[in-house]
Amino acid sequence: MRKSARYTTLAAAGLLALSSLTACANDAASTAAGSKGDGKGTKVKIMVGGLDKVIYLPAMLTQRLGYFDAEGLDVELLSEPAGVQAETALVSGQVQGAVGFYDHTLDLQVKGKSVESVVQFSHAPGEVEVVSDKAAGDITSPKDFKGKKLGVTGLGSSTDFLTKYLAVKNGVKVSEFTPVAVGAGPTFISALQQGAIDGGMTTDPTVATILDKKAGKVLIDMRTPEGSQAALGGPYPSSSLYMQTDWVNSHKDTVQKLANAFVKTLTWMSTHSADEIAAKMPADYSQGDKALYAQAIKSTLPMFTKDGVMPANGPETVEKVLKSFNPTIKNAKVDLSKTFTTEFVEKAAK
């Protein structure tokens, strides 16, 4: 059963570094997946918009906890630096699932693609708008975005969407600032330090590293439901497992097993500390600083749901945000009830 809709360049060097990071992430993910996969069970490929991002932590954590194996699944986790690239991999049929932002389901619907969130990891974006120390005096609110270069993970990504909304909401047209695709992690930080961007939107652990290096300051914090409410006017369901609707309907048993595994993880996260969660993750995710990584997880934990259920009024908030700047969605009728399902998480809860 489905719930009704009341719930809804950097320069070449930088790009080369981003490509290298992506390749490393893919290799790491494949290795991690292969270490558990024994050729038995149902094979599923899931593309994640950045496996080492805390906002997508449930993907790798579910594997590390052994919950995929327990459900008889052989899950291969792959990684791309931006959610929009995970979306592309999904609709092209390279993978069966994507872990990325729920807002892609609305964007894809108006483009004629039927995709739905089957497990909602979060009720807040988990995103932070930061400004460089150099630009901090000139950018004190989104009203100051005019004429600035603002970093996003990728053009057409959710960070791009949210940056445009914050600008428009504060009287700045999308044509009056320049979004720059800088990925996350080292490439984002380098762009901030070198002045390639004045500020930008990113997530932990990148945020924690920026603050630790004193490379920038927090302008808007959307890692909590309260922060989401203040910046966006309501709950903003973001990270999720979303899949093509036709595939969901023809592989319900497999989707149910995925939902079972992810809901177990979300429940486990809600009863364990950031330090305990960090200890379960791959060692290299901490970048050599375990305390800082645990702090990054602690700062982001409030964004996660405990049961994978779409938050009430969440889809409506997302639609409002997208319609504010996206002419394609603004002039289209979106059927929010087709952008998510709670069928599988409700069964998982039982």
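The values are calculated or read from the model by the stated rules, or taken from the named source; none is laboratory data. In this text, all values refer to a predicted model and were calculated from it rather than measured experimentally. Here Cβ is always computed from backbone atoms with ideal geometry, including for glycine, and neighbour counts include all displayed protein chains. When the accessible area is computed, the model is the full protein with side chains, heavy atoms only, and any ligands, DNA or RNA have been set aside. Shrake-Rupley method; radii C 1.70, N 1.55, O 1.52, S 1.80 Å.
Report yes if some residue within segment 297-304 is open to solvent by less than 20 Å² (accessible area, probe 1.4 Å) and within 23 Å of Q244 (Cβ to Cβ); otherwise report no.
No, there is no match, as no residue in segment 297-304 is open to solvent by less than 20 Å² (accessible area, probe 1.4 Å) and within 23 Å of Q244 (Cβ to Cβ).
Considering (1) in contact with a strand residue (DSSP E or B) (Cβ under 9 Å, 6 or more places away or on another chain); (2) farther than 27 Å from Q256 by Cα; (3) hydrophobic (A, V, I, L, M, F, W, C), say which one L292 fails and leave the rest.
(1)
With T254, T305, T300 as the choices, which residue is more than 22 Å from S79 (Cβ to Cβ) and hydroxyl-bearing (S, T, Y)?
Only one candidate qualifies: T305.
Going through segment 281-330 one residue at a time, which ones are part of a loop (DSSP other than H, G, I, E, B) and within 25 Å of P235 (Cβ to Cβ)?
T305, K306, D307, G308, V309, M310, P311, A312, N313, S324, F325, N326
Got at least one residue in segment 179-192 being on the phi > 0 side of the Ramachandran plot, surrounded by fewer than 24 Cβ atoms within 10 Å (Cβ to Cβ) and in a loop (DSSP other than H, G, I, E, B)?
Filtering segment 179-192 down to residues on the phi > 0 side of the Ramachandran plot leaves 183, 185.
Still in the running and surrounded by fewer than 24 Cβ atoms within 10 Å (Cβ to Cβ): 185.
Right, trim to in a loop (DSSP other than H, G, I, E, B) and you get 185.
There is at least one residue in segment 179-192 that is on the phi > 0 side of the Ramachandran plot, surrounded by fewer than 24 Cβ atoms within 10 Å (Cβ to Cβ) and in a loop (DSSP other than H, G, I, E, B).
Select from segment 321-341 the residues that are modelled with pLDDT of 95 or more, out of contact with any helix residue (DSSP H, G or I) (no Cβ under 6 Å at 6 or more places or on another chain) and not aromatic (F, W, Y) and list them in ascending order.
Those that are modelled with pLDDT of 95 or more, out of contact with any helix residue (DSSP H, G or I) (no Cβ under 6 Å at 6 or more places or on another chain) and not aromatic (F, W, Y): D335, S337, K338, T341.
Which residues, taken from segment 225-276, are among the small types (G, A, S), touching an Asp or Glu at 6+ places or on another chain (Cβ under 6 Å) and over 17 Å from S299 (Cα atoms)?
Let us first name the residues in segment 225-276 that are among the small types (G, A, S), namely 227-228, 230-231, 233-234, 238-240, 250, 259, 261, 270, 273-274.
After this cut, where a residue has to be touching an Asp or Glu at 6+ places or on another chain (Cβ under 6 Å) as well, the list is 227, 261.
The one that is among the small types (G, A, S), touching an Asp or Glu at 6+ places or on another chain (Cβ under 6 Å) and over 17 Å from S299 (Cα atoms): A261.
Just to be sure I understand the filter: pairs with C-beta atoms under 7 Å, separated by 6 or more residues or on different chains, first member in segment 330-343 and open to solvent by 10 Å² or more (accessible area, probe 1.4 Å), second member of a type in the set (A, V, I, L, M) and assigned to a helix (DSSP H, G or I). Which pairs pass?
Hits for this filter: V334/L106.
Got a sec? Which of T202, T140, T163 is β-branched (V, I, T) and open to solvent by 10 Å² or more (accessible area, probe 1.4 Å)?
T140
Mind listing whichever residues of segment 230-253 are in a helix (DSSP H, G or I) and crowded, with 21+ Cβ neighbours inside 10 Å?
A231, L232, V248
Show the residue pairs that are 6+ apart or on different chains and have beta-carbon atoms under 7 Å apart, the first residue being within segment 125-136 and closer than 26 Å to Y236 by Cα, the second being charged (D, E, K, R) and not in a loop (DSSP other than H, G, I, E, B).
So the pair list comes out as V128/D221; V130/K217; V131/K217.
Considering only segment 117-144, state which residues are part of a strand (DSSP E or B) and closer than 30 Å to G97 by Cα.
Listed by number, the residues that qualify are S117, V118, V119, Q120, S122, E127, V128, E129.
Mind checking which residues of segment 85-106 are outside any loop (DSSP other than H, G, I, E, B) and open to solvent by less than 10 Å² (accessible area, probe 1.4 Å)?
The answer is A86, A89, L90, G97, A98, V99, G100, F101, D103, H104, T105, L106.
Being in contact with a Gly (Cβ under 9 Å, 6 or more places away or on another chain) and in a loop (DSSP other than H, G, I, E, B) is the filter here; which residues of segment 157-171 pass it?
S157
Tell me the residue from L301, L232, L292 that is more than 19 Å from the chain's Cα centre (by Cα), over 30 Å from T42 (Cα atoms) and among the hydrophobic types (A, V, I, L, M, F, W, C), please.
Selected residue: L292, the only one of L301, L232, L292 that is more than 19 Å from the chain's Cα centre (by Cα), over 30 Å from T42 (Cα atoms) and among the hydrophobic types (A, V, I, L, M, F, W, C).
Does segment 259-266 include one or more residues that are within 25 Å of I46 (Cβ to Cβ), open to solvent by 20 Å² or more (accessible area, probe 1.4 Å) and of a type in the set (A, V, I, L, M, F, W, C)?
no
Taking only segment 55-84 into account, find how many residues are under 25 Å from L301 (Cβ atoms) and in a loop (DSSP other than H, G, I, E, B).
6
Only residues in segment 241-260 that are of a type outside the set (S, T, Y) count as the first member; pair them with residues that are surrounded by fewer than 19 Cβ atoms within 10 Å (Cβ to Cβ) and at pLDDT 95 or above, Cβ under 6 angstrom, at least 6 apart or cross-chain, and list the lot.
Filtered contacts from segment 241-260: no entries.
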